[in-house]
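The values are calculated or read from the model by the stated rules, or taken from the named source; none is laboratory data. This one's a predicted model, so the numbers in the text were calculated from it and none came from an experiment. So basically every Cβ, Gly included, is an ideal-geometry build from the backbone, and we count neighbours across all protein chains shown. When the accessible area is computed, the model is the full protein with side chains, heavy atoms only, and any ligands, DNA or RNA have been set aside. Shrake-Rupley method; radii C 1.70, N 1.55, O 1.52, S 1.80 Å.
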Amino acid sequence: MSLEQRLREGSAVFGVVGLGYVGLPLAVEMAKAGNRVVGFEVDQSKVDEIAAGRSYIPDIPGHEVATAVEAGLIEGTTDFSRAGECDAIAICVPTPLDDMKEPDTSYMEKASEAIAPYLRPGMLITLESTTYPGTTEEVIQPILERSGLKVGTEIFLAFSPERVDPGNQKFQTKNTPKVVGGVTPACTSMSKLFYERFIDTVVTVSSTRAAEMTKLLENIFRCVNIALVNELLVLSERMGINIWEVIDAAKTKPFGFMPFYPGPGLGGHCIPIDPFYLSWKAREFDTHTEFIELAGKVNEDMPYYVVRRLMESLNTHRKALAGSRVVLLGVAYKKDIDDLRESPAIKIARLLREKEADVVYHDPYVERFEVDGCEVPSVALTESECNASDAVVVVTDHSNVDYHLVVRSTKLVLDTRNALASFDGQSVVRL
Ligand code: SAJ
């Protein structure tokens, strides 16, 4: 029976390589639609968690994993030779930057090398990892064709960007439209059929490069606009203008405007990183993506700006930063999640330590916060702790924090997220 027939009748077996914040939700969604899923992981602990019917991804309730496991629809394995059991495999592995801020495609290459020996005629492979235009056909396709199978005629290959927004309760894997672009039209139509099995809306584009660029446009759009408001924040502060008030006023415009907000810097595994995948590839075409470079510079400066503003604020209290006790309130990279990756809190803690401040943190979602191998002590958010501190810096504005307690019992609160806009406390300094 052909892949198309197996996809149409629902007997196809699916595979997911990489069971992280993208792969596990994808595998669960596939299983919820009745498809058997084999999850491939290099991390045995993730395989064990799944076998025990537990979820390690906050957006995925444990019972959804347990239900799928009990129904025999999901299993994890570190045995990549089982890739041959699958009819369609989605690759969802990290695409970080190396120390020189250049793309590190090693995870995608290793994943492709791991499954290539086991490919069978008729199989579909999709790449979901955010990457530069050209990756699918220049990097992944040659590796997969080492199997001796030709993409487009014997196997199918497409790119389909992940669009996971960690913590988003409204848009999740099933109801977020999925863009797909294949190496050939047959690859595109086969990947459309695949994703339509478990995702509500699938949007096809003409090529893998168009799909790769779609994702980068989405994230560069965010990165550049966040940098814009960060730059306007710095200017507005000098002009004595409240940029937060201005943004709220601007967003009353019912068309042609989308609000972004200043902050202590860009965190997460995507927005601070993905744009540099494109600027790296652009050099091959003698093009300098100046918007991306400038946005990166502005966003990367924000942790330094936060520390400068803290020093100025302490100065008005006749206090030096050196020797001051500073509580970082909220260290995850964005509100109401537990993820520390690329969090601006890391850079802020490092800078404060360099200036000999006594740094501690409080974050209800983060049990352990380590910077350069040295643990930042966690403190309870109590009146005595606030009283004892010389400053509290709201780095991430989690919802479940008693900001009233913080404002009434702290000498100085530097609010980098406008979380305290409704508080009229003398101690509050807005970034
Ligand atoms: N941030 C600001 N100001 C803003 C918005 C965000 O400073 O106005 C900061 C956040 O605090 C965070 C960083 O930028 O540190 C990234 O935030 P984000 O809201 O872009 O969220 P991510 O990186 O977790 O997920 C994003 C997705 N989010 C949204 O679309 C809202 C989406 O762009 C991608 O699906 C995802 O990256 C990805 O995986 O690429």
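The table below gives the values:
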read-out: Fraction of alpha-carbon pairs over 21 Å apart in region 9-92 - percent; value: 14 percent
read-out: For region 301-430, accessible area per residue (1.4 Å probe, heavy atoms of protein chains only), Å²; value: 45 Å²
read-out: Rg/Rh ratio calculated on Cα atoms of region 3-206 (Kirkwood radius); value: 0.93
read-out: Extension reserve of the Asp200-Met258 stretch, reckoned as 0.36 nm per residue once the Cα distance is removed; value: 18.3 nm
read-out: Rounded to the nearest 20 debye, dipole of the chain from Cβ charges on Lys, Arg, Asp, Glu; value: 840 debye
read-out: Area accessible to solvent at Asp390, 1.4 Å probe radius, in Å²; value: 30 Å²
read-out: Ranked packing of 102-112, 21-31, most packed first, by mean Cβ within 10 Å; value: 21-31, 102-112
read-out: Debye, to nearest 20: dipole size of region 3-206, +1 on Lys, Arg Cβ, -1 on Asp, Glu Cβ; value: 620 debye
read-out: Probe 1.4 Å, accessible area per residue of region 3-206, Å²; value: 39 Å²
read-out: Solvent-accessible area, 1.4 Å probe, carbon plus sulfur percent, for region 2-158; value: 51 percent
read-out: Thr67 paired with Glu375, simple spin-label distance in nm, labels 7 Å along Cα-to-beta-carbon; value: 3.8 nm
read-out: Structure-based [θ]222 nm, the chain - -39500 (n - 2.57) summed over DSSP H runs of at least 4, per residue, nearest 500; value: -11500 deg cm²/dmol
read-out: Mean Kyte hydropathy of -0.5 or more with a Cα span along the axis of at least 27 Å, helices from DSSP in the chain; value: 208-239, 290-316
read-out: Label-point separation, Leu149 to Leu294 (7 Å along Cα→Cβ), nm; value: 4.7 nm
read-out: Under 12 Å from the Ala186 label point (7 Å along Cα→beta-carbon), backbone N, region 6-40; value: none
read-out: Given charges at Cβ of Lys, Arg, Asp, Glu: region 3-206 dipole, positive-most of Pro177, Ala158, Leu26; value: Pro177
read-out: Peptide ranges 398-409, 238-249, 325-336 listed from the most packed, as the mean C-beta count within 10 angstrom indicates; value: 325-336, 398-409, 238-249
read-out: Bridge type composition, region 3-206 - antiparallel percent by DSSP, nearest 5; value: 10 percent
read-out: Share of carbon and sulfur in the accessible heavy-atom surface of region 328-406 [1.4 Å probe, %]; value: 45 percent
read-out: Gyration tensor (alpha-carbon) shape descriptor, region 301-430, a/c threshold 1.5; value: rounded
read-out: Portion, in percent, of the accessible area of region 215-299 that falls on carbon or sulfur, probe 1.4 Å; value: 64 percent
read-out: Residue-level accessible surface for Tyr56, protein heavy atoms, 1.4 Å, Å²; value: 60 Å²
read-out: Alpha carbon centroid spacing (whole Å) that separates region 40-77 from region 282-361; value: 36 Å
read-out: Region 301-430, dipole about Cα centre (Lys/Arg Cβ +1, Asp/Glu Cβ -1), debye to the nearest 20; value: 500 debye
read-out: Where labels lie 7 Å past Cα in the beta-carbon direction, separation of Gln169 and Ala250 in nm; value: 2.9 nm
read-out: Spread of Cα-to-Cα distances over 20 Å intervals beginning at zero, given as percent, for the chain; value: 24, 50, 24, 2
read-out: Sorted peptide list for 344-351, 306-313, criterion being average Cβ within 10 angstrom, highest first; value: 344-351, 306-313
read-out: Lys/Arg +1, Asp/Glu -1 at C-beta; region 128-265 dipole; positive extreme among Met258, Ile243, Leu216; value: Met258
